[in-house]
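What follows is a single structure, written as C-alpha cells, with notes after it.
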Amino acid sequence: MVDKRITAENQLIAENPRVLRVTELARSIRQLLESQVPLLWVQGEISNFVRAASGHWYFSLKDEQSQVRCVMFRNRNQVWDESIGNGVQVEVRALATLYEARGDFQLTVEQLRPAGLGQLYEQFARLKQLLEREGLFDAQRKRPLPAFPKRIGVVTSPQAAALRDVLTTLKKRLPGVPVVLYPAPVQGAGSGEKLAQAIRTASQRAECEVLILCRGGGSLEDLWAFNEEVVARAIAASHIPVISGVGHETDFTIADFVADERAPTPTAAAQRVVPDRLALLQGLRDVAQHLQRAQRNRLHNAMQAVDFMQRRLIHPELHLQRQQQQLLQLQQRLQRGFMQHWHQQHWRLQSVAQRLGGADSEYARLQERQAHLAGRLLKAMQTLQRQHAVRLDNAVHQLALLDPRQVLGRGYSLVQDQQGGVVTDAKQLLTGSELRITFAQGWADTRVLQSGES
C-alpha cells in the first residue's frame, strides 16, 4: 500500500539507482513520513524533559518497551504551567517527522493533555453544548443575588477546607447572618447525585435566600462531580439563587455556567454574598456625617432667614409714615409733571400759531404759481393733441395707399392657389390647377387650361 503512494522523487530514485547524499536521503524519508502518517494521538510517560531558553520543549515519550523523541514549540506550549515534567503520563497529538540535521525520528507535538482526561474533556464539551442549546446558560434566566440575605445556605462537604474559608469570610464580613449547611460529598463515586439532592433539599425548604455551592481546587477528576448533568439541572431548577465557587480562578465547571453567578474561589463567593460590615459601618458614618452637615447648614440658613426677616419687620406707625411720605412725594411729582406737560403744550400751540400766520402769504404765492402752471399745462396738452392728430392723418393716408382693395379697384386682381398662397409666377401653375381670383368686388374660381411666360 505504501509503495503505491510514494512521492515522485522517491519513484525516480527507485527507478534510477544512484548514490544519494545523506541530506537527500533524510529529506526523502521526512517527506514520506509526513505524507503517509497523519496527525495522531500518542500516549506515554515524559522523560528527559528540557525547557530550552527559546521557550521550546524537548522530551522523550516512552512506555514499557519503546520511546520516541518529541518537540513542542513555544507557540503550542504557552497554555501549560509547571505541572508538565518528567514522569507525567500524557497524551499528545503529534505529526511524525524526521529531524534532518541528526537523522532522528521525532514527533512534533501540536496538543498535549494529561493521560486519561481525553474522554472527560469530551464529556465536558458535549454536556456543555447540550445545556447551552437548552438555554441553561442564558443571561436572561440568571437571578440577581440579594443585597442583604437574612440566611445563607452552603452546599459542600463538612470536612472541606472551602467550608472553613466560607464561614471565616462570612463571620468576618457580616457575623450576624445565620448559615445553614447542606452536607454532601464533593468528590468520589455518587457525589454528583448527592450534591444535586442537597441543592434540591435547600430549594424545597426555602429557608435561605441564597445558596453557595463551593469546593476547593483540584484536578479535573477531583472537580468532576460539579460537571455532572444532574447537578447542573438541580441548580437550574432551584428556587433559590445559586452562586458557584468551585476550585481556583482558572477552573471552570458546568456548575459555573448554570449558576446565577460564578465566583473564582469559595472565599470570593462568600465575599460576593454578604457586604463587608466594616464598609457598611463606614458608609453609615459617612451618611451620618452628611446628615449632620446638612442639618447644620439648614439650621444656619434658617437663622440667617430669621435675621433677614427681622431686619425687614418694622412698626406699623413707622410703616404708615413711610407710606404717607411716599404719597406726598408722588403728589409733588404729579404736580411737577402736570405743569411741565402744560408748558410743553402751550409752547407747541404758540409755535403752530406762528407757522399758520406765516403761511398766509406763502399760500397766495403758491396759488398764483398753481394758476400759472395750469395754463402752461393746458397749452402743452393742446399742442400735443394737434401733433398727434397730424400724425394720425398721415398714418391713415399711408394705410389707405397700402390697402390691397385700392389696387384691385384699379383693375388688378388677386390670384390664389388651393392652399391660399398668392400666385405671382406662371411657372407655379400646372394645367388643370384650380385657382381663386379675387376682384375689387367679389371673387371667382377657375381652372388653368394653359400657362406660359410673357
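Has the stretch 245-257 got any residue that is surrounded by fewer than 16 Cβ atoms within 10 Å (Cβ to Cβ) and among the polar types (S, T, N, Q)?
Within the stretch 245-257, the subset surrounded by fewer than 16 Cβ atoms within 10 Å (Cβ to Cβ) is 248-250.
Keeping just the survivors that are among the polar types (S, T, N, Q) gives 250.
Among the residues of the stretch 245-257, at least one is surrounded by fewer than 16 Cβ atoms within 10 Å (Cβ to Cβ) and among the polar types (S, T, N, Q), which makes the answer yes.
Pull up the stretch 424-454, narrow it to residues that are over 24 Å from Q406 (Cα atoms) and of a type in the set (D, E, K, R), then point me to the one that is modelled with the lowest pLDDT.
By that ranking, first place goes to E453.
Of the residues K150, K194, K142, which is under 15 Å from I235 (Cβ atoms), assigned by TED's automatic domain parsing to the domain that holds E209 and out of contact with any helix residue (DSSP H, G or I) (no Cβ under 9 Å at 6 or more places or on another chain)? Spell out the reasoning first.
Numbers: K150 fails: under 15 Å from I235 (Cβ atoms); K194 fails: out of contact with any helix residue (DSSP H, G or I) (no Cβ under 9 Å at 6 or more places or on another chain).
One residue alone meets the criteria, K142.
Take the residues in the stretch 87-104 that are modelled with pLDDT of 85 or more and exposed (fewer than 14 other Cβ atoms within 10 Å of the Cβ), then tell me which one is nearest to P38 (Cα to Cα).
D104
Using beta carbons and a limit of 9 Å, which pairs, at least six apart or on different chains, have the first residue in the stretch 329-356 and assigned to a helix (DSSP H, G or I) and the second one at pLDDT below 85?
Pairs that qualify, where the first residue is assigned to a helix (DSSP H, G or I) and the partner is at pLDDT below 85: there are none.
Tell me whether the stretch 212-235 contains one or more residues that are farther than 23 Å from Q129 by Cβ, of a type outside the set (D, E, K, R) and in contact with a strand residue (DSSP E or B) (Cβ under 8 Å, 6 or more places away or on another chain).
The answer is yes; a qualifying residue exists.
Given the options Q406, Q418, name the one that is surrounded by 10 or more Cβ atoms within 10 Å (Cβ to Cβ), of a type in the set (S, T, N, Q) and part of a helix (DSSP H, G or I). Write out each step before concluding.
Details: Q418 fails: part of a helix (DSSP H, G or I).
When all the criteria are applied, what remains is Q406.
Specify which of the listed residues (V154, V186, V166, V177) is over 23 Å from H248 (Cβ atoms) and either without any contact (Cβ under 8 Å) to a residue 40 or more places away in the chain or surrounded by 15 or more Cβ atoms within 10 Å (Cβ to Cβ) (or both). Please lay out each step first, then the result.
Details: V154 fails: over 23 Å from H248 (Cβ atoms); V186 fails: over 23 Å from H248 (Cβ atoms); V166 fails: over 23 Å from H248 (Cβ atoms).
Result: V177 is the single residue among V154, V186, V166, V177 that is over 23 Å from H248 (Cβ atoms) and either without any contact (Cβ under 8 Å) to a residue 40 or more places away in the chain or surrounded by 15 or more Cβ atoms within 10 Å (Cβ to Cβ) (or both).
Residues that are in contact (Cβ under 8 Å) with a residue 40 or more places away in the chain and β-branched (V, I, T): does the stretch 55-72 have at least one?
Scanning the stretch 55-72 turns up no residue that is in contact (Cβ under 8 Å) with a residue 40 or more places away in the chain and β-branched (V, I, T).
Is it true that A440 is of a type in the set (A, V, I, L, M, F, W, C), surrounded by 10 or more Cβ atoms within 10 Å (Cβ to Cβ) and in a loop (DSSP other than H, G, I, E, B)?
Working: of a type in the set (A, V, I, L, M, F, W, C): yes; surrounded by 10 or more Cβ atoms within 10 Å (Cβ to Cβ): yes; in a loop (DSSP other than H, G, I, E, B): yes.
Yes: the conditions hold for A440.
Does S219 count as polar (S, T, N, Q), modelled with pLDDT of 90 or more and farther than 17 Å from G190 by Cβ? Before you say what the answer is, go through the steps one by one.
Values: polar (S, T, N, Q): yes; modelled with pLDDT of 90 or more: no; farther than 17 Å from G190 by Cβ: yes.
For S219, the condition - polar (S, T, N, Q), modelled with pLDDT of 90 or more and farther than 17 Å from G190 by Cβ - is not met.
For the structure I just gave you, tell me whether P146 is farther than 30 Å from F49 by Cβ and not charged (D, E, K, R). Write out each step before concluding.
Working: farther than 30 Å from F49 by Cβ: yes; not charged (D, E, K, R): yes.
When the stated conditions are applied, P146 passes them.
Which of the numbered conditions does Q65 fail, given that it passes all the others? Conditions: (1) exposed (fewer than 15 other Cβ atoms within 10 Å of the Cβ); (2) among the polar types (S, T, N, Q); (3) farther than 30 Å from V22 by Cβ.
Among (1) exposed (fewer than 15 other Cβ atoms within 10 Å of the Cβ); (2) among the polar types (S, T, N, Q); (3) farther than 30 Å from V22 by Cβ, the lone unmet condition for Q65 is (3).
The values are calculated or read from the model by the stated rules, or taken from the named source; none is laboratory data. Everything numeric here is computed off the predicted structure, so don't read it as measured data. Please note: Cβ atoms are built from the backbone with ideal geometry, for glycine as well, and neighbour counts cover all protein chains shown.
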